Amino acid sequence: MHVLDACAHARPRRFVLVSTTLVYGPSPGNPNWLDERAPLAGLPGSRFIGDKVRAEEQVRRFAEA
């Protein structure tokens, strides 16, 4: 959130969040190709993936606002 707050003040042209496909979660129902609009399911019980999912959600909310 500190980085996003700094971006709100500095207004950079781009912001790149390094992420992982693990945020979409393992599911046999997932399509072969996922894009950024796909729901984030993560992996219940995984703190690492949970942190990545929360970061993705924060950036998405920031971009929408």
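The values are calculated or read from the model by the stated rules, or taken from the named source; none is laboratory data. What you are looking at is a predicted structure, and each value in this text was computed from that prediction instead of being measured. Cβ: placed from backbone, ideal geometry, glycine included. Neighbour counts: every protein chain shown. Heads up: the accessible areas ignore ligands, DNA and RNA and are worked out on the full protein's heavy atoms, side chains in. Shrake-Rupley method; radii C 1.70, N 1.55, O 1.52, S 1.80 Å.
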Selection status of V16, modelled with pLDDT of 85 or more, among the aliphatic types (A, V, I, L, M) and open to solvent by 90 Å² or more (accessible area, probe 1.4 Å) = yes
State whether the residues of segment 2-13 include one that is of a type outside the set (G, A, S), in a loop (DSSP other than H, G, I, E, B) and either touching a strand residue (DSSP E or B) at 6+ places or on another chain (Cβ under 9 Å) or at negative phi (or both).
-> yes
Those residues that are open to solvent by less than 80 Å² (accessible area, probe 1.4 Å) and either touching a residue at least 12 places away in the same chain (Cβ under 8 Å) or in contact with a helix residue (DSSP H, G or I) (Cβ under 9 Å, 6 or more places away or on another chain) (or both), I need them from segment 19-38; list them, please.
-> S19, T20, V23, Y24, G25, S27, N30, L34, A38
Scanning for something at pLDDT 90 or above, within 10 Å of the chain's Cα centre (by Cα), among the aliphatic types (A, V, I, L, M) and loosely packed, with under 10 Cβ neighbours inside 10 Å, does segment 39-55 turn up at least one residue?
-> no
Test: F62 is in a helix (DSSP H, G or I) and open to solvent by 90 Å² or more (accessible area, probe 1.4 Å) = no
